[in-house]
Number of protein chains: 2
Amino acid sequence: MHMAYELYYWPTIQGRGEFIRLALEEAGADYRDIARLPERKGQGMPAMLACLDGDNTPQAAYAPPVLRDGDLLIGQTTNILLYLGRRLGLAPRAESGRLWLNQLQLTMADWLTEVHDTHHPLSMNQYYDEQKQAALQRSADFRATRLPKFLDYFTQVLLNSRGQYLLGARLTYGDLSLFQMLAGLHYAFPQAMARLAPAYPALQELHDTVAARPNIASYLQSTRRIAFNEEGIFRHYPELDG
Amino acid sequence: MHMAYELYYWPTIQGRGEFIRLALEEAGADYRDIARLPERKGQGMPAMLACLDGDNTPQAAYAPPVLRDGDLLIGQTTNILLYLGRRLGLAPRAESGRLWLNQLQLTMADWLTEVHDTHHPLSMNQYYDEQKQAALQRSADFRATRLPKFLDYFTQVLLNSRGQYLLGARLTYGDLSLFQMLAGLHYAFPQAMARLAPAYPALQELHDTVAARPNIASYLQSTRRIAFNEEGIFRHYPELDG
């Protein structure tokens, strides 16, 4: 019997961990969200921080999320999904298809980093309020040029796939991630997205299709889904929208 | 017979393409750096831009570098290296080793993006001079906190590997990339790196070991190696160093 997957990620935000959670939830996989479980049972935040401690963990990650599967410890979001993809039935069998999916996932990871930098353009060690002026400039550039460019790109991928999903007829983890990007963008930039969305019906359709899948719909209603908030990557600061 | 690999990348900078070039050079692989070849032969920049044109290329990439191997077109630097690794003898055979290597490569990709953002913290569509004040702040933070954190991390990985290289006794593409990161950082931040380097002898040793490998030494002396310059990712702006 396969032991439960263990996810190690910050317990109060969706963040990068959410891309892993969505894949595990869609597949109905047995997993534990370790940092959200009680410290007294050897779980909680101390267990997450141990994954990052290179003095005691030979292949420690630079940052969360980290996934444990038995003896294997895997870091970096796209790498975890690369590992889980076939095992959860969320990636194609052929190498060429898996590479294309990984390429799309990496492009979403770049996009996500740009979202993060809209509110933290100068330093991860300072509060948003300390870099607000720079954040206003970076966000204006993001809304005007970067956001449409990414929306254009993924629309083109969907159209070229000739199917409902990024790779065609079958759902992959990339579709779950694209749903998450769109949900996050609607949360963080409601005005900009309301203005842009009508030009991108294929993306809205993908978002709605994923949200309506039974396991995802049930997950989104559950307490396992952390709400968007201003500690995460997608933050709603009205002054950065528009 | 295997046809030559085709690399599509900006012809005047090292940039992200350099991580691919180093792997191909170390392996002595047959490859063509397409955008640096004559347009009249169907090469040059138009050939590179065609890889990004989703109207005519079904699996167009969002951005270069792109690698073509026969019918296969692969984008995203870490994804290209994932594909080439086993084929060039620069990655371990076991899945666990390949995942760990990909994880390290992804961590270097994050580091590289932070280097880029030291001189372009606000917008990729504006010149450096238009965002210089913000660049001064972001660079100060990078030198003080981010740079040492990444240097610490990769030192720990080297020590834990108990070998000369990141994964132990055998060279992988990750070592070539770490060499490139260190060479670029010494170019862009000579003062900061001169101050920090003595605390990181294992990294300096890795850099020198890679630079002395026959194929790499020969490449670095050749005209195929584009010099660092202020159009690339590693840029030397003295005011951002210190």
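The values are calculated or read from the model by the stated rules, or taken from the named source; none is laboratory data. Just so you know, these numbers come straight off a predicted model, no measurement behind them. Note that each Cβ is placed from the backbone with ideal geometry, even for glycine, and that neighbours are counted across all protein chains shown. Accessible surface areas use protein heavy atoms only, side chains included; no ligands, DNA or RNA. Shrake-Rupley method; radii C 1.70, N 1.55, O 1.52, S 1.80 Å.
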> Where does the protein assembly as shown land on the Kirkwood hydrodynamic radius, alpha-carbon pairs, in angstrom?
Replying inline: 23.3
>> Suppose each label sits 7 Å from its Cα in the direction of the beta carbon; what would the B:Q191-B:E230 distance come out to in nanometres?
In response: 1.6
> At A:G168, label 7 Å along Cα→Cβ: distances to the other copies, nm, ascending?
Replying inline: 3.8
> Ignoring ligands and nucleic acids, what accessible area does B:S123 show with a 1.4 Å probe (Å², nearest 10)?
Replying inline: 10
> For chain B, what is the mean residue ellipticity at 222 nm derived from helices alone (per DSSP H run of n ≥ 4: -39500 (n - 2.57); sum divided by total residues; nearest 500 deg cm²/dmol)?
Replying inline: -15500 deg cm²/dmol
> Averaged over peptide B:117-128, how many Cβ atoms belonging to another chain are found within 10 Å of each residue's Cβ?
Replying inline: 4
>> Sort A:27-34, A:58-65 by the packing proxy (mean of other Cβ within 10 Å over each peptide's residues), most packed first.
In response: A:58-65, A:27-34
>> Once the label point is set 7 Å along the Cα-to-beta-carbon vector, what list of distances in nm do you get between B:L49 and its counterparts in the other copies?
In response: 5.3
> Can you list the equivalent-ellipsoid semi-axes of region A:95-226, largest first and in whole Å, using the square root of 5 times each Cα gyration tensor eigenvalue?
Replying inline: 27, 17, 15
>> With the cut-off at 1.5 for a/c, could you classify region A:1-156 from its C-alpha gyration tensor as rounded, prolate or oblate?
In response: oblate
> What is the projected area of the convex hull of the Cα atoms of region A:134-199, averaged over all directions, in nm²?
Replying inline: 4.7
>> Rolling a 1.4 Å sphere over the protein heavy atoms, what is the accessible area per residue of the protein assembly as shown, to the nearest Å²?
In response: 42
> Hey, rough spin-label estimate for B:R93 and A:E239, points 7 angstrom out along Cα→Cβ, what's it come to in nanometres?
Replying inline: 6.0
>> Distances in nm, one decimal, shortest first, from A:D71 to the same residue in every other copy, taking the label point 7 angstrom along Cα→Cβ.
In response: 3.9
